[in-house]
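> Take this structure, written in structure tokens, and hold onto it; I'll ask about it next.
The values are calculated or read from the model by the stated rules, or taken from the named source; none is laboratory data. The structure displayed is predicted, hence computed values, not measured ones. Cβ coordinates were reconstructed from backbone atoms using ideal geometry, including for glycine residues, and neighbour counts include every protein chain displayed. Surface accessibility is based on the protein's heavy atoms, side chains included, excluding ligands, DNA and RNA. Shrake-Rupley method; radii C 1.70, N 1.55, O 1.52, S 1.80 Å.
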Amino acid sequence: MTQSTAHRHPNAASAPLTPQQTEEWLRTYRRHSRIYAWGFFAVILPVILGVIWWEMGEINEDVLYSFGFAAVVTFFLALRARKGSEKSWSGVVEDLFMKKVRRRRDGGLPDEVVLRPRARIRTDRGKTITLPMTEDLFDYFELGDRVFKIAGMEWPEKVSLDQQKRVCMACGGLYTPGAGSCPRCGAPEPDHATLVRLAAAS
């Protein structure tokens with residue numbers, strides 16, 4: 001069961017959430033998101049120790065130092081990811097561009113250069129944020145769009161909702177407004193006006 005499916009509201013399959021249901025769902029989603037994130041960190045530590053132990057053949061000082069270093073790096077990566085996810089902001093799409101990313105290939109083949117879509121957002125507080133985009137979101141957003149992101153959610157949405165599509169802020173998929181839930185991950189469709197209000201208030 002995915003995180004967003006676990007938070008599905010009983011009425012999500014038939015109708016969008018009301019403003020009150022939207023706020024309740026957001027609180028639950030954020031709480032469960034933190035539990036899943038740090039639970040994953042706790043589970044991955046024994047795996048890291050097991051891999052290092054298997055490589056070294058025994059528990060010794062080198063294994064403990066290596067494990068300690070890997071645990072600290074993993075902790076700070078998880079902390080950084082959570083810090084970005086826990087922020088709310090509003091802003092304007094300043095640029096949409098493709099970033100060249102070098103992807104290493106096995107078998108002695110030369111590295112492959114691929115293009116990854118990105119959006120550059122100027123927040124109302126003057127900060128510039130560069131976000132990775134899916135192909136669908138890259139086509140969905142346009143230069144000059146006012147957008148916002150809610151704390152605990154991973155993806156931004158337009159302030160003035162598109163009439164044909166809207167973003168699932170949990171998984172980044174697109175779906176038709178009024179569908180009641182995201183067909184990709186099962187997250188309920190929150191009330192858009194409530195999301196805009198919460199983003200502006202934070």
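> Just need a number here: residues in segment 125-139 that are more than 15 Å from Phe97 (Cβ to Cβ) and surrounded by 13 or more Cβ atoms within 10 Å (Cβ to Cβ). It would help to see each step written out before you state the result.
To start, the set of residues in segment 125-139 that are more than 15 Å from Phe97 (Cβ to Cβ) comprises 125-127, 136.
When the remaining residues are screened for being surrounded by 13 or more Cβ atoms within 10 Å (Cβ to Cβ), the result is 136.
The number of residues fulfilling the criteria is 1.
> Could you check Leu161 against (1) under 22 Å from Leu131 (Cα atoms); (2) buried (at least 21 other Cβ atoms within 10 Å of the Cβ); (3) in contact with a Pro (Cβ under 7 Å, 6 or more places away or on another chain) and say which number it fails?
The failed condition is (2).
> So how many residues does segment 174-193 have that are in contact with a Phe, Trp or Tyr (Cβ under 9 Å, 6 or more places away or on another chain) and either within 17 Å of Met133 (Cβ to Cβ) or buried (at least 19 other Cβ atoms within 10 Å of the Cβ) (or both)?
Result for segment 174-193: 8.
> When you go through Asp145, Asp139 one by one, which is the residue that is more than 17 Å from Gly91 (Cα to Cα) and not basic (Lys, Arg)?
The unique qualifying residue is Asp139.
> State yes or no: is Asp106 loosely packed, with under 13 Cβ neighbours inside 10 Å, at pLDDT below 75, outside the structural domain of Ile48 (by the TED database) and acidic (Asp, Glu)?
yes
> Also, I was wondering about something else. So Ile129 ticks every box in (1) at pLDDT below 95; (2) out of contact with any Gly (no Cβ under 8 Å at 6 or more places or on another chain) but one. Which box is left unticked?
Going through the list (1) at pLDDT below 95; (2) out of contact with any Gly (no Cβ under 8 Å at 6 or more places or on another chain), Ile129 breaks only (2).
> Among the candidates Ala200, Ala119, single out the residue that is open to solvent by 10 Å² or more (accessible area, probe 1.4 Å) and aliphatic (A, V, I, L, M). So that I can check it myself, show each step before the final result.
Details: Ala119 fails: open to solvent by 10 Å² or more (accessible area, probe 1.4 Å).
One residue alone meets the criteria, Ala200.
> For segment 21-71, name all the residues that are modelled with pLDDT under 75 and more than 30 Å from Ala193 (Cβ to Cβ).
Passing the criteria: Trp38, Gly39, Phe40, Phe41.
> If only one of Lys158, Lys127, Lys165 is over 18 Å from the mean Cα position of the chain (by Cα) and under 20 Å from Ser181 (Cβ atoms), which one is it?
Of the residues listed, the single one that is over 18 Å from the mean Cα position of the chain (by Cα) and under 20 Å from Ser181 (Cβ atoms) is Lys165.
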